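The values are calculated or read from the model by the stated rules, or taken from the named source; none is laboratory data. These numbers were taken from a predicted model, which means no experiment stands behind them. Note: ideal-geometry Cβ built from the backbone for every residue, glycine included; neighbour counts use all protein chains shown.
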Amino acid sequence: MRDRARALFIDLDGVLRRWDPAPMIAVEVKYGLKPASLLETAMSWDIYRPAMAGEISDEEWMGLVASRLPLGDEESAAAVAEWQAYRGEVDPEALAFVREVRAAGRPVAIATNATDRLRGDLDALGLTGEVDLVLSSWEMKVHKPAPEYFEQACQEIGQLPKHVLMVDDDDRVVRGARAAGLSGYRWAGPEHLPYLRKVLDLSE
């Protein structure tokens, strides 16, 4: 039996923050772009990785995305700006879980791959005061699922890896967390919250 987790790392995108595809689809339709082309371009590894590892700014990353679109310079810049204007929404059940964990005396950190835009997003979403710590890959200069990310993250929250639960929607991150000695759980929605409560030894 593993030790019960004493702290929670929770991912932002896909867990605490969810995205409605409609605004993104609307931009692609407006500019005659192929479906999902904006996201696929942004996730191209050669520009995504340095954006998440703190090597380039969010503005530089989006400039690279715009440069790869099959549009004129002005249209490309406008399409990216409109796409980026929508910043997602908080998942109310995930947030309620975070509040429950903190109320039980367990520290909670947002552990996310992000750019230098993260802090502003958290303020806009009302999440800044909802967690004890923000573990941003951009600020740490290393991104999930690298073992160095989890090592540094555990040091910052002041817990041994075996006492930390990582909740993420990416299988690679969950596997990386487990390899680093943390408990890892893949988030697919709130249906397994009773299990997560047990992992954190929360009273029902």
Given the conditions (1) in a strand (DSSP E or B); (2) without any contact (Cβ under 8 Å) to a residue 12 or more places away in the chain; (3) not polar (S, T, N, Q), and given that residue 123 satisfies all but one, which numbered condition is not satisfied? (1)
Residue list for segment 162-198, restricted to those being part of a loop (DSSP other than H, G, I, E, B), on the phi < 0 side of the Ramachandran plot and at pLDDT 95 or above: 169, 170, 180, 182, 187
Considering each of 42, 5, 26 in turn, give the residue that is modelled with pLDDT under 95 and closer than 27 Å to residue 189 by Cα. 5
Just a yes or no: is a residue in segment 52-68 at pLDDT 95 or above and touching a Pro at 6+ places or on another chain (Cβ under 6 Å)? yes
Six or more apart or on different chains, Cβ under 8 Å: which pairs go from a residue in segment 43-57 that's without any contact (Cβ under 8 Å) to a residue 12 or more places away in the chain to one that's of a type in the set (Val, Ile, Thr)? Could you list them? 50/56; 56/47
Residues in segment 24-48 that are in a helix (DSSP H, G or I), of a type outside the set (A, V, I, L, M, F, W, C) and surrounded by 14 or more Cβ atoms within 10 Å (Cβ to Cβ) total 4
I'm checking my understanding of the structure. Among residues of segment 72-89 that are surrounded by 16 or more Cβ atoms within 10 Å (Cβ to Cβ) and among the aliphatic types (A, V, I, L, M), which one is nearest to residue 31 (Cα to Cα)? 79
Find the residue count for segment 159-197, including only residues that are without any contact (Cβ under 8 Å) to a residue 60 or more places away in the chain and over 17 Å from the mean Cα position of the chain (by Cα). 10
